[in-house]
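> What follows is a single structure, and I will ask about it in a moment.
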Amino acid sequence: MELSQYLSMFIDESKEHLQALNDNLMSLESSPEDISIVHNIFRSAHTLKGMSATMGFEDIAALTHEMENVLDLVRNSKLAMNPFIFDCIFKSLDSLESMVEDIIQGGTGKADVSSIVTALRSIVTGDYMTAQAPAAVAVKEAAKGIAVDEYQFSILQQSIESGFLVFYVEVNVRENCVLKAARAYMVFDALERLGEIVKATPSVEEIEQEKFDRSFSLYFISKVDQGTLEKEILNVSEIESAVIITVDTESLEELSRPKNEVEAATREIAAAVAAAIVPEAPAVAAPKVEAAVVAKPAAAGGAPVANRTIRVDIERLDALMNLFSELLIDRVRLEQLASEVKRSDLTETVEHMSRVSSDLQNIVLKLRMVPVDSVFNRFPRMIRDLAKSLDKKVDLIITGAETELDRTVIDEIGDPLVHLLRNAVDHGIEPITDRLAAGKSEHGTIQLRAFHSGNHVFIEIEEDGRGIYREKVLKTALKNGLVTAEQAAKLSDLEVYNLLFASGFSTADKISDISGRGVGLDVVKTKIQMLGGHVQVDSKPGFGSKFSVQLPLTLSIISAMLVRLGSEKYAIPLSSIVETASIQKAQIRNIHGNKMIDYRNSVIPLVSLSGLFNVPDFNEDLEEETEIVVVRKGDKQVALMVDEFIGQQEIVLKTLGKYLSGLFAISGATILGDGQVALIIDPNALIK
């Protein structure tokens, strides 16, 4: 049987089943006793196994078969879910997604999943309990009397492999020391300026409460040498001695050497899970974490529901849109001819055609519309892993996932939203101790909302974290030369918060992979503006922040204001227009050689479009009164001088092709009813 014709269907359905598995597994993690969710997961895994076996992708089939064995025990109440089993199945899903992605790229879908298969089999046989116990608690005593779990072990191992130095440090406080906890804190403070503390014995809490005798031990990661480290520790008064030993790979292995194949496989799974959620720079370990996620539930049954739908290639929809665009142009032409001929029967026919084509336009646009759920559904798992890596508790609440956007916008909006959500978890939500100290719940909440408003879709990301502090933002802005001290004093809070979108701006004290390695939010803003949208932020210090993204419903057909400049016609997108007006020539000011006008208690620039585009047959100096269009980009406004307003019209956006690409302030063109070509003005480029 020739299977290549079914490959596209296999890929699409595999993605749906994998997403259903992820969604249901997240729900099960919140409600581990709910057997109905396990049944849903089992059905998705079983269907995926059958599809993979039929298509000849044996590695996918083999891994899903082992998952089935575990899930079968759980659904029959012979096995209870626990964190280790969840991590194993999540890791299995990651491997399945990688194999499907390999198939999409033209590969065979093969992968070495032996370690995961071994771990899953150990769960079925019960052997994992003996292997897991040392990993969940302190496994073995190191030669100097400090214990690490599997998670911390993997951090130390990765740090050595990345070229960092790992030290075992034992600090002794003088016998007559009165404030032992204060001296210990000073040692910790000195060390944290030089690197990262991975594990301390006794625990930090016990040391703070002086629940230790005279000594404490820790594992420390740094790039400074042993001598510098010893000097920093002994500089703290009332510290009697410090024993510092450099730990290499061989001595690290002695901490927890696996006893058998099952334990080795368990170690590999734990290390792999840790590697997936730990930044490349060493981080403070978080052995006890909890990441709860509330998301839109998966469809009943877990697997994609069979309904009256068909799959259509996006290229066919693009072709349909192009054909309809031509029809729209002809419709406008017919309307114009009917108004000139003035025959009642022709006018009635054209009006009926207009109504039908308007309905057809709505249907064509809806065919291209995709629920934002297709983007949102990958975020719960991402937030879970981030919260786990940062030792935070985070609830993600998604609303409006059924809101629809054009497919072209959906394809591009994912990355900016990922950046904003990672930023919310990393910078927005405080650590548990800080939240409790501020009188908040230990669970941080991130609201991800989508809703329609007019011809736009709004996506909001709101969290109840620490908020944005005006002083900290201004301090960084002044340091980077973005504003002067005089300007800073006049800025409103909203204007200060929007400085976060300046190029290269970052208030992070420490750069990490979590929220962009210090790249800043300017990348997010640029991407959203490319889609014809804009983003802004508002915040209440101490109570959280809200990022609001505004996007156009579609990029193919837009509402525009047609204007005339001399003998030429131009279109300005309505989404950028604030208002239209007429002004007297006497109202125009000249400030430092630039034309300005008074506009609603402010002064804004006045731009001559005829001069900008070198339009013939139009001399604005002869007119005593001129029409203006006020356009906006973010909080900046500009008035554009035009000759005449023609009216509002829905236009089809056409690209100018590669030979005319890069024209200043022109985003494309459209064909009008009279056959003329009107250039579409890009207000964003004008203001920039």
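> Rounding to the nearest 20 debye, state how big the charge dipole of the stretch 321-372 is about its Cα centre with +1 on each Lys and Arg Cβ and -1 on each Asp and Glu Cβ.
Working: 7 positive and 8 negative charges, 40 e Å.
Approximately 200 debye in magnitude.
> I would also like to ask the following. If you consider only alpha-carbon coordinates, what radius of gyration and Dmax does the stretch 26-72 have, in Å?
Reported Rg and Dmax, both Å: 11.7, 35.
> Something else: Using the heavy atoms of the protein chains alone and a 1.4 angstrom probe, what is the accessible area of the stretch 1-127 per residue in square angstrom?
On the way: 5590 Å² over 127 residues.
Per-residue accessible area for the stretch 1-127 comes out at 44 Å².
> Under the Karplus relation 6.51 cos²θ - 1.76 cosθ + 1.60, θ = phi - 60°, what is the ordered set of whole-Hz ³J(HN,Hα) values for the stretch 16-24, x standing for Gly and Pro?
5, 5, 5, 5, 4, 4, 4, 4, 5
> Hey, another quick one. Skipping prolines and chain starts, which residues have an amide H placed within reach, meaning under 5 Å, of the one on GLY668, given they are 5 or more residues away or on another chain?
ILE680
> Enumerate the amide H contacts of LEU405 below 5 Å, restricted to partners 5 or more residues apart or on another chain; note that Pro and chain-start residues carry no placed amide H.
When sequence neighbours closer than 5 places are left aside, the close amide H contacts are VAL370, VAL372.
> If you don't mind, there's one more thing I want to ask. Cα atoms only: what Rg and Dmax, in Å, come out for the stretch 1-50?
When restricted to the Cα atoms of the stretch 1-50, Rg and Dmax are 13.3, 44 Å.
> What FRET efficiency do you get for GLU340 and LEU663 if R0 is 30 Å and r is their Cβ-Cβ distance, rounded to the nearest 0.05?
Working: r = 33 Å, r/R0 = 1.10.
Taking R0 as 30 Å, the efficiency between GLU340 and LEU663 is 0.35.
> Take the alpha-carbon positions of the stretch 380-466, form their convex hull, and give its projected area averaged over all directions (one quarter of the hull surface) in nm². Could the numbers behind the result be given before it?
Numbers: hull surface 24.1 nm².
Mean shadow area of the hull around the Cα atoms is 6.0 nm².
> From the P(r) of the stretch 192-233, can you give the percent of Cα pairs sitting at distances over 17 Å? Can you show the working numbers first?
Numbers: 329 of 861 pairs.
Everything past 17 Å amounts to 38 percent.
> Given a 1.4 angstrom probe, what's the average accessible area per residue across the stretch 310-371, in square angstrom?
Working: 4250 Å² over 62 residues.
Per residue, the stretch 310-371 has 69 Å² of solvent-accessible surface.
> Whole number in Å², please: accessible area per residue of the stretch 517-610, 1.4 Å probe, ligands, DNA and RNA not counted.
Numbers: 4360 Å² over 94 residues.
Value for the stretch 517-610: 46 Å² per residue.
> Please go through the residue pairs LYS472/LYS546; LYS525/LYS585; LYS393/LYS527 and name each one whose alpha carbons sit more than 28 Å apart in this structure.
LYS525/LYS585; LYS393/LYS527
> 5 Å is the cut-off here: which amide hydrogens, built 1.01 Å from N in the peptide plane, fall below it relative to ASP395, excluding neighbours closer than 5 in sequence?
GLY444, THR445, ILE446
> Hey, what D do you get for the stretch 49-121 in µm²/s if you plug the Kirkwood alpha-carbon radius into Stokes-Einstein at 25 °C and 0.890 mPa s? Please report the intermediate quantities before stating the final value.
Working: Rh = 12.7 Å.
The calculation lands on 193 µm²/s.
> Quick one: what are the phi-derived ³J(HN,Hα) couplings along the stretch 183-195, Karplus 6.51/-1.76/1.60 with θ = phi - 60°, whole Hz, x for glycine and proline?
Ordered by residue, 3J(HN,Hα) equals 5, 5, 4, 5, 5, 4, 5, 5, 5, 5, 6, 9, x Hz.
> While we're looking at this one, here's another question. Quick one: pull the percent of accessible area on the stretch 383-457 belonging to carbon and sulfur, 1.4 Å probe, ligands and nucleic acids left out. Don't jump to the answer; show the numbers that get you there.
Working: 1290 of 2770 Å².
About 47 percent, which is the carbon plus sulfur part of the accessible surface.
> For the stretch 328-409, what is the convex hull (Cα atoms) projected area averaged across all directions, in square nanometres?
Numbers: hull surface 30.2 nm².
In nm², the orientation-averaged hull projection of the stretch 328-409 is 7.5.
The values are calculated or read from the model by the stated rules, or taken from the named source; none is laboratory data. Small disclaimer: the values here were computed from a predicted structure and weren't measured. Every residue, glycine as well, gets a Cβ built from its backbone with ideal geometry; the counts of neighbours run over all protein chains shown. When the accessible area is computed, the model is the full protein with side chains, heavy atoms only, and any ligands, DNA or RNA have been set aside. Shrake-Rupley method; radii C 1.70, N 1.55, O 1.52, S 1.80 Å.
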